[in-house]
1. For the stretch 50-69, which positions are more than 13 Å from residue 107 (Cβ to Cβ) and not hydroxyl-bearing (Ser, Thr, Tyr)?
2. With respect to the numbered conditions (1) more than 14 Å from residue 95 (Cα to Cα); (2) under 16 Å from the mean Cα position of the chain (by Cα); (3) part of a strand (DSSP E or B), which one is the sole condition not fulfilled by residue 35?
3. For residues that are touching a Ser or Thr at 6+ places or on another chain (Cβ under 8 Å) and either of a type in the set (D, E, K, R) or open to solvent by 40 Å² or more (accessible area, probe 1.4 Å) (or both), tally how many sit in the stretch 105-123.
4. Out of all the residues in the stretch 43-52, is one or more charged (D, E, K, R), free of Cβ contacts under 8 Å to residues at least 60 places away in the same chain, surrounded by fewer than 14 Cβ atoms within 10 Å (Cβ to Cβ) and over 22 Å from residue 123 (Cα atoms)?
5. Select from the stretch 57-96 the residues that are under 15 Å from residue 47 (Cβ atoms), in contact (Cβ under 8 Å) with a residue 40 or more places away in the chain and among the polar types (S, T, N, Q) and write down the one among them that is most open to solvent (accessible area, probe 1.4 Å).
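The values are calculated or read from the model by the stated rules, or taken from the named source; none is laboratory data. Computed from a predicted structure; not experimentally measured. Glycine gets a Cβ as well: all are built from the backbone with ideal geometry, and neighbour counts include every protein chain shown. All accessible areas refer to the heavy atoms of the entire protein, side chains included, with ligands and DNA or RNA removed. Shrake-Rupley method; radii C 1.70, N 1.55, O 1.52, S 1.80 Å.
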Amino acid sequence: QVQLVESGGGLVQAGGSLRLSCAASGRTFSSYSMGWFRQAPGKEREFVAVIRWSGDSTYYADSVKGRFTISRDNAKNTVYLQMNSLKPEDTAVYFCAANRGGTNRSPSLYDFWGQGTQVTVSS
């Protein structure tokens, strides 16, 4: 069992930056690939970024490529999402999730989810 708690969301102006953190419980964090997803009101949850359990592979949605960076610190049981050059369309609740597979991009393949953190980007 893995419990995930996101933090770092907030209100920021367009062009600004935020860093999200996701703290995981349990001793098996390093065996899970970790993903970030987001969900805007009235829309389906969408993939943002994923990092392999080993940290050696990452993938990003085209909409965030070049602006967002996912990283992890297995010693701290934490995964991060650095978000730069934020746009109003990045406004959503951001979730972190864990899966024992690889760099999956489908929400249905993830086993554990956090409660989410709100990111609001004003124009």
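1. Once the filter is applied, which keeps residues that are more than 13 Å from residue 107 (Cβ to Cβ) and not hydroxyl-bearing (Ser, Thr, Tyr), the stretch 50-69 yields 51, 52, 53, 55, 56, 62, 64, 65, 66, 67, 68.
2. Every condition holds for residue 35 apart from (1).
3. Here the count works out to 1.
4. Looking through the stretch 43-52, at least one residue is charged (D, E, K, R), free of Cβ contacts under 8 Å to residues at least 60 places away in the same chain, surrounded by fewer than 14 Cβ atoms within 10 Å (Cβ to Cβ) and over 22 Å from residue 123 (Cα atoms).
5. Within the stretch 57-96, the match that is most open to solvent (accessible area, probe 1.4 Å) is 58.
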